[in-house]
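Notes for the one structure printed next.
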Amino acid sequence: MPARIMLSLLMASGAFLCGTDAFPQARPVFTQQERQAAARPNPLCRPEPVETTITYSEVTVFESREIVYQISTAVPCLAQVGDPPLALRWEAPSGTAAVFRSRLSAPEFEQLKIFLDRADVRRIQSFMNAGPGVGDFKVAIARPAGTQNIAVVSFESEPFPTCR
């Protein structure tokens, strides 16, 4: 029995489990990670009385048409140093993310693939944003020749502005 027919029968019979671990063949087609930081006074923080709210989010669309969206927030004091520093991470500290799952319809998935395959999208390169930081973004688009990686990073002298 051809693998495609067998896979269809398994899915139709409900034998397939939902979740990224259940789809080892499902590789990411598109992933976008974002990190945002905002500083605010906190007199409990020492030596600098400032805390930084850092929000991490990631949305991934898989070949299986599954979408996984994760979001997490960390609130360290400005002088608190992680390994690596929280401002340089793209993933939230483990175990802190809320996870939401959805699935694109076949026509929606085809439209996404058409969009990602446009010449202007293929030409996008990484850049630094010289304006006020609205967050940092990292995008990965799977291509037959390899992954197209695009980073958009805020251009600021300090990772987090201090509040005084």
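Summary table below
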read-out: Two-site label geometry, Ala106 and Phe127: point separation in nm, points 7 Å out along Cα→Cβ; value: 3.8
read-out: Three-way shape label, the range 25-154, alpha-carbon gyration tensor, a/c 1.5; value: prolate
read-out: Per-residue HN-Hα couplings for the range 69-77 [Karplus 6.51, -1.76, 1.60; θ = phi - 60°; Hz; x = Gly/Pro]; value: 10, 10, 9, 8, 10, 10, 10, x, 6
read-out: Sequence ranges 118-127, 47-56, ranked by mean other-Cβ count within 10 angstrom, highest first; value: 47-56, 118-127
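Each value in this text was obtained by applying a stated rule to the coordinates, not by laboratory testing. In this text the structure is predicted, and so the values were computed from the model without any measurement. All Cβ positions, glycine included, derive from the backbone under ideal geometry; neighbour counts span all protein chains shown.
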